[in-house]
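Structure first, commentary second.
Just so it is clear, none of the values below were taken in a lab; they were calculated from the coordinates. Note that the structure is predicted; figures quoted are calculated from it, not measured. Quick reminder, even Gly has a Cβ in these numbers, built from the backbone with ideal geometry, and neighbours come from all protein chains shown.
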Amino acid sequence: MTDDEALKVLLALGDPARFEILRKVVEASGLSLSDLRSGKAASTTSHHIKLLVDAGVLQPTRDGKHIRYNVRQATLASLAEWASAQAELATLNQITEYLLANPG
């Protein structure tokens, strides 16, 4: 996953409403718009879902008249790998800074 792809996913997940949608789909895959509304307007929920789909977090699947949503596990796995690599890089940078500041 590139930094730009990670940023797109993180921005999509950075909104509490979108994060809640993701949590619901993680807990029960195949949910529809009406399942995910939580008392909010359908247009608002649809907008949040679109951003999650565009970021590659959710995968829509047509089921007759309904569209059902599932988590794109590959995207979340790639994000986890990206975050792990960033953590390793940060650790290496801290070690390098320490060694430069404390020679010998």
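Here the range 71-104 and the range 8-59 have alpha carbon centers that stand 29 Å from each other.
Rounded to the nearest 500, what is the 222 nm mean residue ellipticity of the chain from helices alone, with -39500 (n - 2.57) per DSSP H run of 4+ residues and division by all residues?
Values: 5 runs with 69 residues, N = 104.
Computed mean residue ellipticity for the chain: -21500 deg cm²/dmol.
For the chain, the longest principal axis of the C-alpha atoms and the axis of helix 16-27 are separated by about 80°.
Relative to the first principal axis of the alpha-carbon coordinates of the chain, what is the inclination of helix 3-13, with its axis defined by its Cα atoms, in degrees from 0 to 90 and to the nearest 10? Long axis of 3-13 versus the principal axis of the chain: about 50 degrees. Backbone N atoms of the range 46-60 closer than 16 Å to the 7 Å Cα→Cβ label point of S32 belong to residues 46, 60. Here the contact order of the chain, divided by its residue count and restricted to Cα pairs under 8 Å and six or more residues apart, works out to 28 percent.
Considered as an equivalent ellipsoid built on the Cα gyration tensor, the chain has semi-axes of 38, 13, 10 Å, the largest given first. Counting Lys and Arg as +1 and Asp and Glu as -1 over every other residue whose Cβ lies under 13 Å from the Cβ of L22, the net charge comes to +1.
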